[in-house]
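These notes concern the structure reproduced below.
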Amino acid sequence: MKRDSLWEAYLKRGMSRRSFLKGCVALTSLMGLSTDMLSKVVEAAEKKPLPVVIWIHGHECTGCDESFIRSASPLASDVVLTTIALEYDHLLSAACGEPFEKHLDDTINKYNGNYILAVEGAVATKESGIHCMSGGHTFLHTLQKAAKGAAAIIAYGSCAAYGGIQAAKPNPTGSAGISHFVGGKTVVNVPGCPPIPEVMTGVVMHVALFGTLPPLDGDNRPKQFYGNRIHDTCYRRPFFDAGMFAETFDDAGSKAGWCLYKLGCRGPETYNSCGNLRWWQGMSYPIQSGAPCIGCSNKNFWDEAPFTDRLPKYGKIGDADKIGVGLGVLTAAGVGAHAVASIIQRNKRDDLTKEE
């Protein structure tokens, strides 16, 4: 049976060409592509059939699915009902039981080599995988069966990418990321606990429209979403450069929005899009809400508690009050000048306060 393209799906719903083009513009931006790619996105959306997606769940909490359905640009409902052909997903499917599991097998056979496999959750390996089972089979069995005929595999969340909180010491279930169990196929890692919803939709739409994996970094993460540290896009960065840090969660610096480095912020070592995409339609993210980044998209972040501990010190430079100054000297003159000027202003303000 012929599968519709995105354009044909728009036509069947009585939507205008203008709406279609606006949707393509949004998708281009969402996928982290330049406007030069818009014509290619439109062409792919006109001709490419909607991709079949199988979404399976391993050892996890369903938080990634919950994040996905909160995508606002595009809406998750538009992705599921218009842009992809989601054939199997425990959370979003109405069916259940034996007919549902048979549909999974039928879909794998019918679209062999032509479907996208989305995986949420870790693989439980101890005691033959009995700690995570569904439909009478271990998750490892289901993963390997579905991965064999997949055209692309996406690991949604830190659980699927690295093992997740289930793999925290002492890891009683032997949980691990999926990449070692899919027959050597490349896995696109989309870590986060959970990932940002627009990142999730952006990755699957890139594969859907272009039939290729997005550019990946050394950890197989999409570069357009994991190419910068949160520290690089953080609006509190000027305070870091100026050596202005909150000492406690309720002090004057914290209330004034100063850098949270001393309170355990992992932003300087965490790659993610929280600082620019943010959450809930760009409304906020943990640092903006006054909470330090805990590095949930990093490997083994769950073993780095307590999260309020500062990052490791590096000799005398490890003094957080001096780090910004040291970086200012080593970076561009403009940044250094800004840091120095900020420190001078702070000292003047302190002097005036003492005089009063």
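The values are calculated or read from the model by the stated rules, or taken from the named source; none is laboratory data. Note that the coordinates shown come from a computational prediction; the quantities given were computed from them, not determined experimentally. All Cβ positions, even for glycine, are placed from backbone atoms using ideal geometry, and neighbour counts span all protein chains on display.
The set of residues in segment 136-191 that are under 15 Å from ASP105 (Cα atoms), of a type in the set (Gly, Ala, Ser) and in a helix (DSSP H, G or I) comprises ALA146, ALA147. Within segment 87-94, does at least one residue satisfy the condition of being part of a helix (DSSP H, G or I), polar (S, T, N, Q) and surrounded by fewer than 17 Cβ atoms within 10 Å (Cβ to Cβ)? Within segment 87-94 (the criterion being part of a helix (DSSP H, G or I), polar (S, T, N, Q) and surrounded by fewer than 17 Cβ atoms within 10 Å (Cβ to Cβ)), the answer is no, since none of the residues qualifies.
Selection over segment 229-268 of residues that are surrounded by fewer than 17 Cβ atoms within 10 Å (Cβ to Cβ), in a loop (DSSP other than H, G, I, E, B) and touching a residue at least 24 places away in the same chain (Cβ under 8 Å) gives a count of 2.
How many of the residues making up segment 1-13 are out of contact with any strand residue (DSSP E or B) (no Cβ under 7 Å at 6 or more places or on another chain) and in a loop (DSSP other than H, G, I, E, B)? The qualifying residues number 3.
If you go through segment 14-36 and keep only what is at pLDDT 80 or above, in a loop (DSSP other than H, G, I, E, B) and surrounded by 10 or more Cβ atoms within 10 Å (Cβ to Cβ), you end up with MET15, SER16, LEU33. Contact map, segment 21-37: residues that are assigned by TED's automatic domain parsing to the domain that holds SER71 paired with residues that are surrounded by 14 or more Cβ atoms within 10 Å (Cβ to Cβ) and charged (D, E, K, R), Cβ distance under 7 Å, separation 6+ or inter-chain. Pairs shown: LEU30/GLU198.
The requirement of being of a type in the set (Ser, Thr, Tyr) and touching a Gly at 6+ places or on another chain (Cβ under 9 Å) is not satisfied by SER77.
The residue that is nearest to the chain's Cα centre (by Cα), among those in segment 141-160 that are within 29 Å of ARG229 (Cα to Cα) and free of Cβ contacts under 8 Å to residues at least 40 places away in the same chain, is ALA155.
When the residues of segment 45-70 are filtered to those that are part of a strand (DSSP E or B), within 28 Å of LYS22 (Cα to Cα) and among the aliphatic types (A, V, I, L, M), the one that is farthest from the chain's Cα centre (by Cα) is VAL52.
In segment 228-247 there is at least one residue that is closer than 30 Å to LYS185 by Cα and in contact with a Lys or Arg (Cβ under 9 Å, 6 or more places away or on another chain).
Looking across segment 180-194 at every residue that is more than 19 Å from PHE301 (Cα to Cα) and out of contact with any strand residue (DSSP E or B) (no Cβ under 9 Å at 6 or more places or on another chain), the one that is surrounded by the fewest Cβ atoms within 10 Å (Cβ to Cβ) is identified as GLY184.
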